[in-house]
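Below you'll find the structure, written out as structure tokens, and then a few comments.
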Amino acid sequence: MSFFKKWFSKKEKKQSKEQITQPIPRSGKGGSSKTPEKKTGAFTKKSSWISKMSAPSTIKGGEILKISVSGNFPDLGYKLDDDYANVQENEIILSVIGAKKAGTMSGQALKPFSTVIEVKDLEKGTYTIIAEKGNAKKIKVTVQ
């Protein structure tokens with residue numbers, strides 16, 4: 001084998017070793033070997049569908065109003081994150097918030113939930129309980 005053939009074959013081997021140790025680009029554009037970062041702690045939050053509500057028709061002043069609420073989350077990945085009641089004049093507007101990790105895939109099926117929302121410090125009068133999102137029937141409650 002001639003000197004030139006040996007020299008070129010060594011150079012080719014050296015290049016092939018360098019190519020093996022170099023990281024393979026992950027994107028189709030090439031050049032960048034950086035792996036995508038995962039966002040930890042990021043959640044998707046959504047107001048959930050309330051289908052049923054129940055509460056006592058009358059309570060005494062200073063007593064806590066307990067409202068049972070049930071409904072469905074939009075898919076199987078959601079969990080109960082928060083529930084609250086917003087009191088505005090004669091209305092109590094209920095909201096249930098579901099959360100799931102951002103970017104997760106889950107089955108497109110309704111996931112049922114059930115919770116109790118407590119409302120404190122109601123003044124005397126008649127209140128209408130309304131679901132922020134859903135088809136639950138309105139309920140009237142009298143505080144004596």
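Being out of contact with any Asp or Glu (no Cβ under 8 Å at 6 or more places or on another chain) and within 23 Å of Pro74 (Cβ to Cβ) is the filter; apply it to region 111-128 and report the residue that is surrounded by the fewest Cβ atoms within 10 Å (Cβ to Cβ). That would be Pro112. Restricting region 71-96 to residues that are out of contact with any Gly (no Cβ under 7 Å at 6 or more places or on another chain) and crowded, with 16+ Cβ neighbours inside 10 Å, the residue that is modelled with the lowest pLDDT is Pro74.
The values are calculated or read from the model by the stated rules, or taken from the named source; none is laboratory data. Note that this is a predicted model, so its numbers are computed, not measured. All Cβ positions, even for glycine, are placed from backbone atoms using ideal geometry, and neighbour counts span all protein chains on display.
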